[in-house]
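Trainee: I'd like to ask you about the structure that follows.
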């Protein structure tokens, strides 16, 4: 019996959570497009709308979520996997009641888990599905393996693009590389585009049109457009202050844009017919993909 078959048997043994959370993976083709700030502020806005939200920082090379939130986690996913910490130990409370989990080096180590470790991780993550209505996964930027793995494993992806020509080009490059990834299936992943740092709503829609037309024509990937965030100097100020924009500058153009975006996102849940959903589905796919390498 190979490792992939062992994983499937382990998953079947798990007690199913009473509910499955909605998992939204946020990514981008390049850095510097405001992806992490958007993920944090969206989390707060969704929490304000009555959803229990937890952010998972899956960019293990950096600690941007910690900076934007102004919090420093004591434990991370690796501590759950290898040091016997439970889920409540690694979920750090954030502003407005959101939760935050640092991925640390844990995501790198998924492929090296033993059978017992896989069982423990999946059992713990099943609890996470009961703790949150929405889990926002903030990945790294670009076409690194771990970014592509998360996107391919996800049911719902938020692709952040800015008006910069390099951002548009790199967003398409991400989609093109993702489309070639062995475990990616366009039929099971909904990709939604957000135009960030735009001067007006028209520019936001134009960015979507540029990316979606070529993605549809050459990759057979159909994108959804859920809105834009207006360019606003207060975003940088909030990051320097280490306080999320919607808390520090709630009535500014960008903050109001994020609020509108959250409402639009909340109104467009994913229904793709998959029986297995939530964070358990995401990590099942991730571990399965890593074991095949």
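The values are calculated or read from the model by the stated rules, or taken from the named source; none is laboratory data. Here the structure is a predicted model, which means the values were calculated and not measured. Don't worry about glycine lacking a Cβ; one is built from the backbone with ideal geometry, like all the others, and counts go over all protein chains shown.
Trainee: Among the residues of region 229-256, write down those that are more than 20 Å from residue 55 (Cβ to Cβ), in contact with a strand residue (DSSP E or B) (Cβ under 7 Å, 6 or more places away or on another chain) and not in a loop (DSSP other than H, G, I, E, B).
Mentor: 230, 253
Trainee: Further, regarding this structure: Restricting to region 63-101, name every residue that is in a loop (DSSP other than H, G, I, E, B), in contact (Cβ under 8 Å) with a residue 12 or more places away in the chain and either over 19 Å from residue 245 (Cβ atoms) or in contact with a helix residue (DSSP H, G or I) (Cβ under 7 Å, 6 or more places away or on another chain) (or both).
Mentor: Across region 63-101, the qualifying residues are 73, 74, 75, 76, 86, 91, 94, 98.
Trainee: Could you check how many residues of region 23-36 are within 19 Å of residue 249 (Cα to Cα) and not in a loop (DSSP other than H, G, I, E, B)?
Mentor: Total satisfying the criteria: 2.
Trainee: Right, another one. Does region 37-48 include one or more residues that are surrounded by fewer than 19 Cβ atoms within 10 Å (Cβ to Cβ), in contact with a helix residue (DSSP H, G or I) (Cβ under 9 Å, 6 or more places away or on another chain), at pLDDT 95 or above and not in a strand (DSSP E or B)?
Mentor: Yes, that holds for at least one residue.
Trainee: Condition (residue is touching a strand residue (DSSP E or B) at 6+ places or on another chain (Cβ under 8 Å), modelled with pLDDT under 95 and under 30 Å from residue 129 (Cα atoms)) applied to region 179-188: is it met by at least one residue?
Mentor: no
Trainee: Now, a different point. If we keep just the residues of region 222-247 that are buried (at least 19 other Cβ atoms within 10 Å of the Cβ) and over 27 Å from residue 210 (Cβ atoms), which is farthest from the chain's Cα centre (by Cα)?
Mentor: Only one residue fits best here, namely 238.
Trainee: So how many residues does region 188-218 have that are loosely packed, with under 13 Cβ neighbours inside 10 Å and within 11 Å of residue 152 (Cα to Cα)?
Mentor: So the count comes out to 0.
Trainee: With the structure loaded, tell me whether residue 250 is surrounded by fewer than 15 Cβ atoms within 10 Å (Cβ to Cβ) and closer than 28 Å to residue 67 by Cα or whether it fails that test.
Mentor: In short, yes.
Trainee: Check residue 239 against each of (1) in contact with a helix residue (DSSP H, G or I) (Cβ under 9 Å, 6 or more places away or on another chain); (2) modelled with pLDDT of 95 or more and name the one condition it does not meet.
Mentor: Exception for residue 239: condition (2).
Trainee: Right, another one. Is it true that some residue in region 182-190 is within 24 Å of residue 40 (Cβ to Cβ) and under 19 Å from the mean Cα position of the chain (by Cα)?
Mentor: yes
Trainee: Test each condition in (1) touching a strand residue (DSSP E or B) at 6+ places or on another chain (Cβ under 9 Å); (2) free of Cβ contacts under 8 Å to residues at least 60 places away in the same chain for residue 43 and report the one that comes out false.
Mentor: In the conditions (1) touching a strand residue (DSSP E or B) at 6+ places or on another chain (Cβ under 9 Å); (2) free of Cβ contacts under 8 Å to residues at least 60 places away in the same chain, residue 43 misses (2) alone.
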